[in-house]
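The values are calculated or read from the model by the stated rules, or taken from the named source; none is laboratory data. This structure is a prediction, so every number in the text was calculated from the model and none was measured. All Cβ positions, even for glycine, are placed from backbone atoms using ideal geometry, and neighbour counts span all protein chains on display.
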2 protein chains.
Amino acid sequence: MQPKLVRLSQYFLPALREAPAEAQIVSHQLMLRAGMIKQSAAGIYSWLPLGFRVLKKIEQVVREEQDRIGAVELLMPTIQSADLWHKSGRYDDYGKEMLRIKDRHDRDMLYGPTNEELITEIFRTGAKSYRDVPKLLYHIQWKFRDEVRPRFGVMRGREFYMKDAYSFDSSRENALDSYNKFFVAYLRTFARMGLKSIPMRAETGPIGGDNSHEFIILAETGESQVFCHRSYLERDGLDVMDDSSEARANAVQDWTSDYAATEDEHDAEAFAAIPETDRVSTRGIEIGHIFYFGTKYSEKLEANIIDETGATVPVHMGSYGVGVSRLMGAIIEASHDDKGIIWPAAIAPFQLGIVNVKPADTASSATAEQLIEAATNAGMEVLYDDRDQRAGVKFAEMELLGIPWRVVISPKALEAGSFEVTERKGGQTRHMALDDIVPFLCEQQ
Amino acid sequence: MQPKLVRLSQYFLPALREAPAEAQIVSHQLMLRAGMIKQSAAGIYSWLPLGFRVLKKIEQVVREEQDRIGAVELLMPTIQSADLWHKSGRYDDYGKEMLRIKDRHDRDMLYGPTNEELITEIFRTGAKSYRDVPKLLYHIQWKFRDEVRPRFGVMRGREFYMKDAYSFDSSRENALDSYNKFFVAYLRTFARMGLKSIPMRAETGPIGGDNSHEFIILAETGESQVFCHRSYLERDGLDVMDDSSEARANAVQDWTSDYAATEDEHDAEAFAAIPETDRVSTRGIEIGHIFYFGTKYSEKLEANIIDETGATVPVHMGSYGVGVSRLMGAIIEASHDDKGIIWPAAIAPFQLGIVNVKPADTASSATAEQLIEAATNAGMEVLYDDRDQRAGVKFAEMELLGIPWRVVISPKALEAGSFEVTERKGGQTRHMALDDIVPFLCEQQ
């Protein structure tokens, strides 16, 4: 929970006039210009107050949709012992992307790039039988992957914030229902953030397994080539209200019925069978990835349960990742204009920006405080520009930062009894009396 | 924000009958028995769902009290480049407790044990003049200190969760007012958690500086010897409502007027001058530490601002730490009995525990759901024990977990129209009608 009101005069928001030359894509440029992040080493960023605020919003949407499907949150550490990774065989398999560390006693440690081993060990010591499953566990924690060439800001950083979830079931059939829960949760999560995500059949890579989908948003700046049927571009988000295995299976069936695949899994022949005008071949950004991998880890790490027949069986598992920090870049790629960022309502750092054109004017400041009180009482978060700055600079900055609504307080507006209320998206300005502003904004949400 | 309702049948709470032998102190034993944490490597823990929930509560109290004094939250990464540490001179000074890492390009990195260097660099590039100060910045992030002998569970772990704040001012005088802000915030923070903290004059250690206080709670299991006047034991928490420099200075003066010092700063002669019956010599647990260190870092890292006279001067700094994960252990040390933990209301994972003695009984379950709805609507967080378990086991576990209030639903209670409502602290049981329970509990808060 962040403070409801921020006064820019007391904030720490080092906005830049120009984006540094090293920023190649628009989301990276805008995050730097808006003072949201600052690089501290290659691919490693500090989240300045505004960036941190949005990060927490994204995290909370992700969390709510995990909780909604009955996943339980916990938190695993960033540094792990290499022991479990030796057991799973991945210590040697995982390449140079794994940050390997020796502690003071010369023990092999590592900065977790993912957590299959550790969560399997946790489940193993806490669950005994079919009565303890299905169990969906997740955490939201910093990860490290030592990319050889980190780039695109937070989109391909080395230290990144990720939600990773893990499912435990007594059979393949049940495990696929857990898989479907996450599939549906991801569609909901991304739709809440204003993103049109497309589930694409994908390679399983170092996680392993035989069923995997990547959730992709289309963007020219995306790093991977993707292929899909045009139908996906016209779909709206999904809301499966019927909470049954069957409803989930139907939703997954529906969302995988048309062609959609990443380059690694691309089937040129099947794609060619689509009418040419319906073929979409473009670039995409991966924002989520889900895997079913059966007993790959449970066998090696001896995570067994007693099933309904009394037999000891390895538990069936899946894992489910969302790049929380990366999402911020992806959302900006999908939602900006030449003036700056346009935040979707659900993750905007503030819903309302108030620009006080003349803070030295007592009546203006009193009016601003009155509006702040009404807005915060109505549950809105407010960014108040009370700085001694030229009005043009303040307007431009409020647009750059992407706050959904802006109200201007000035002696002229006070005299007229009519205030400018401008929507960031589309730029439409309305004029209204002070007392009408908050009721109007509440209606818009 | 965690889910308001947890059903134990669907939770992940691997409670233990017996504490493992390696747990030497009561907080460590109870956290293991209550299924709050699980060690993954020496001094490195996973926070299981119940432990994670309390961790987030403690974090939020700490956050609110930082926000209240105008500190602004951001987030620095866990992995830092060694470059700034070479500049400050601490790369060589800091001993083996610093976890040093080589990345794939053989660059020197480290897992941040503290953040003076990085925050100074952030401030430097974002602030220019006396108009940009005072600036109080903080983050709550995982730290790593490679202790030679990690012990006492989360009280002296290697990977730990810490709030560290930093102040930036244009002069020593202003910097000391910032110091006082944190001093007062810390007294408030710890009082909200039910802790009697004593500010003690302390050594500055590797952070440096010429003014420092540790906030200590007295406990026989504490790791350091402390000495103070008995008066501190009788003080209540502090609330300075008057938000002025003078009020803060007076509060600090008042709270430092009697003798209180850690072993390193102990003055045996001054202590001997206290009447013998007022001398307290015991052990203590450090839960917070504040430092004023002037221009030590700003000079080396060239963090200058232009002062009111137009001169370029190094900024005056302080730093302020609270051990968020350690606090959980400290609170349990201070608040438990032979049945288990007794959470103070402000950080209890749930306010209400409901034990359904016979979940198979339809009327019992319907009554439990009715109570759950009323309680969650009133804003309470509820842990519902709906498991098929012996009643004795359920009662003992609810006590072990330390939930402040417990209501028992049973066919017998339904028939009588009277339900047991038991307070964890003190153990008093009241009997009341179902509809009276939530109004009664609301009154108690």
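Yes/no per residue for (1) in contact with a Ser or Thr (Cβ under 7 Å, 6 or more places away or on another chain); (2) at pLDDT 95 or above; (3) within 21 Å of residue A:181 (Cα to Cα):
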residue	(1), (2), (3)
A:239	no, no, yes
A:242	no, no, yes
A:247	no, no, yes
A:252	no, no, yes
A:262	yes, no, no
A:267	no, no, no
A:328	no, yes, no
A:340	no, yes, no
### Task
All but one of (1) under 29 Å from residue A:70 (Cα atoms); (2) surrounded by fewer than 21 Cβ atoms within 10 Å (Cβ to Cβ) hold for residue B:50, so report the exception by its number.
(2)
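Residue by residue, here is whether (1) more than 10 Å from every other protein chain (Cβ to nearest Cβ); (2) over 26 Å from the mean Cα position of the chain (by Cα) holds:
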| site | (1), (2) |
| --- | --- |
| A:56 | no, no |
| A:62 | yes, no |
| A:65 | yes, no |
| A:70 | no, no |
| A:76 | no, no |
| A:79 | no, no |
| A:87 | yes, yes |
| A:98 | no, no |
| A:102 | no, yes |
### Query
Inside segment B:135-175, can you point out the residues that are small (Gly, Ala, Ser), away from chain A (no Cβ under 13 Å) and surrounded by 23 or more Cβ atoms within 10 Å (Cβ to Cβ)?
B:153, B:175
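Kindly check whether there is at least one residue in segment B:353-362 that is under 30 Å from residue B:30 (Cα atoms), under 14 Å from the mean Cα position of the chain (by Cα) and not charged (D, E, K, R).
no
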### Candidates A:3, A:20, A:77 - the one that is in contact with a strand residue (DSSP E or B) (Cβ under 8 Å, 6 or more places away or on another chain) and either touching a residue at least 12 places away in the same chain (Cβ under 8 Å) or farther than 26 Å from residue B:107 by Cβ (or both)
A:77
### Task
Could you tell me whether any residue of segment B:93-114 is buried (at least 23 other Cβ atoms within 10 Å of the Cβ) and closer than 15 Å to residue B:169 by Cα?
no
### Query
Just wondering, is there one or more residues in segment B:302-309 that are in a strand (DSSP E or B), loosely packed, with under 15 Cβ neighbours inside 10 Å and of a type in the set (S, T, N, Q)?
no
### Residue among B:426, B:402 that is among the small types (Gly, Ala, Ser) and either over 30 Å from residue B:327 (Cα atoms) or surrounded by fewer than 15 Cβ atoms within 10 Å (Cβ to Cβ) (or both)
B:426
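Would you check if residue A:178 is within 14 Å of chain B (Cβ to nearest Cβ) and more than 23 Å from residue A:100 (Cα to Cα)?
Criteria met by residue A:178.
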### Boolean, residue B:131 is at the interface with another protein chain (Cβ under 10 Å from one of its Cβ atoms), free of Cβ contacts under 8 Å to residues at least 60 places away in the same chain and either farther than 30 Å from residue A:388 by Cα or in contact with a strand residue (DSSP E or B) (Cβ under 8 Å, 6 or more places away or on another chain) (or both)
no
### Query
For segment A:16-45, what are the residues that are in a loop (DSSP other than H, G, I, E, B), surrounded by 18 or more Cβ atoms within 10 Å (Cβ to Cβ) and more than 9 Å from chain B (Cβ to nearest Cβ)?
A:23, A:25, A:34, A:36, A:43
### Task
Would you check which residues across segment A:35-50 are within 21 Å of residue B:56 (Cβ to Cβ) and under 17 Å from the mean Cα position of the chain (by Cα) and list them?
A:47
